[in-house]
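Scroll down for the structure; my scribbles are underneath it.
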Amino acid sequence: MRGEQLKEGSTAQYKPKKTGFVDGYSWVGFSPDGRTLATTWKNIRLWDVATGQEIRHLDGHAANVNDFIFSDDVRRAFSGGLDGTAILWDVASGSILYRLTDHSGPVANVDMTDDAQLGIGASTDGTTILWDLQKGKMIRRYTANPFMSLFSHDKRTALISELPDHVELWRIDATLDELLTWVHANRYVPELNCEQRTLYRLEPLCGTDATPLPTITG
C-alpha cells in the first residue's frame, strides 16, 4: 500500500502491493482515531493512514478473516474468521491475547464493546456467543440463525440480525445479579382485590371497609 500526506478536503487512492492480497480484501476499516487502516484477507494488515506504510500484520487465523474491529482506544482488536475462531489482539505488539474456539462453524461477524470488555460473534453454526474478553471465557451462547450481531453503546443489549428476514434485540447482562436487578426494576405488580388476597393469603389483608390496601412493591 502506498500513500502521501493529504491536504484538508483532498482525496487519495491507496493501492496494495503484490504481497499476498492477490484475491482482494474481505474487510477494510479505520481505527476510531482515524490514524490506522485495517485490511483483511488471509491475515490482517494494519496501515498508517498518513504515510500509507504498513505498520504490522496480524497472523493467527487458519483461513480468511471475515470481520475485524478496534477498541475505542485502539489498544485491542477483535476478529472472526472462516476457521471458526475469534481472536482478541494486542494492537501494539500484534500478539494474540485470547483465541476463542467455542464456535463449530465459520465466524461471520464479530463486535466488541468500546472498552474491550465484552465480545460477541455470529457463526454459521447457528449460534451467537457472548464472551468476557478480560478472561477469554464464554459467558453465554444464544441459539439463532445469526447473520450479524452488534452491541448497544451501554453494553446492555445486542442487536442480532437473523436469516432470512428479521432482527432481535437481546439483553446481554453479563451477570445474574444484573439481570435480577433489571427484572426487579421492570416487573409488573398488579393490584389485588380482597378475594385474591384471601385466596393467596397475602398481607396486608383488606381494611374494615372491605377496600383492599395498596400492594407493597418495594
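The values are calculated or read from the model by the stated rules, or taken from the named source; none is laboratory data. Computed from a predicted model, the values in this text were never measured in an experiment. Reconstructed Cβ throughout: ideal geometry from the backbone, glycine too, with neighbour counts over all protein chains shown.
Tell me whether the range 170-188 contains one or more residues that are among the β-branched types (Val, Ile, Thr), part of a strand (DSSP E or B) and touching a Ser or Thr at 6+ places or on another chain (Cβ under 7 Å).
Checked the range 170-188: no residue is among the β-branched types (Val, Ile, Thr), part of a strand (DSSP E or B) and touching a Ser or Thr at 6+ places or on another chain (Cβ under 7 Å).
If a residue has to be more than 12 Å from the chain's Cα centre (by Cα) and either surrounded by 17 or more Cβ atoms within 10 Å (Cβ to Cβ) or more than 20 Å from LEU176 (Cβ to Cβ) (or both) to count, how many in the range 97-138 make the cut?
So the count comes out to 18.
Hey, can you tell me all the residues within the range 58-86 that are without any contact (Cβ under 8 Å) to a residue 40 or more places away in the chain and among the polar types (S, T, N, Q)?
ASN64, SER79, THR85
Which residue pairs have Cβ atoms closer than 7 Å, lie 6 or more positions apart in sequence or on different chains, and pair a first residue in the range 133-154 that is under 20 Å from ARG75 (Cα atoms) with a second residue that is at pLDDT 80 or above and β-branched (Val, Ile, Thr)?
PHE151/THR113; PHE151/ILE120
Checking the condition assigned to a loop (DSSP other than H, G, I, E, B), surrounded by 14 or more Cβ atoms within 10 Å (Cβ to Cβ) and either acidic (Asp, Glu) or at pLDDT 95 or above (or both), which residue from ASP67, ASP72 passes?
That would be ASP72, the only listed residue that is assigned to a loop (DSSP other than H, G, I, E, B), surrounded by 14 or more Cβ atoms within 10 Å (Cβ to Cβ) and either acidic (Asp, Glu) or at pLDDT 95 or above (or both).
Applying the selection to the range 171-212, what residues are at pLDDT below 80, under 30 Å from THR128 (Cα atoms) and of a type in the set (A, V, I, L, M, F, W, C)?
Hits for the range 171-212 are ILE172, ALA174, LEU176, LEU179, TRP182.
So the check is Cβ under 6 Å with 6+ separation or different chains; which pairs have a first residue in the range 34-57 that's farther than 18 Å from PHE78 by Cβ and a second one that's assigned to a loop (DSSP other than H, G, I, E, B) and among the basic types (Lys, Arg)?
Correct list of pairs: VAL49/ARG35; GLY52/ARG2.
I'd like the residue in the range 144-170 that is modelled with pLDDT under 80 and polar (S, T, N, Q) and, out of all such residues, is surrounded by the most Cβ atoms within 10 Å (Cβ to Cβ).
SER161
Within the range 80-87, does at least one residue satisfy the condition of being in contact with a Lys or Arg (Cβ under 7 Å, 6 or more places away or on another chain), surrounded by 17 or more Cβ atoms within 10 Å (Cβ to Cβ) and outside any loop (DSSP other than H, G, I, E, B)?
The answer is yes; a qualifying residue exists.
Just to be sure before I move on: is THR19 over 18 Å from GLY136 (Cβ atoms) and either modelled with pLDDT of 95 or more or assigned to a strand (DSSP E or B) (or both) in the structure I sent?
Criteria not met by THR19.
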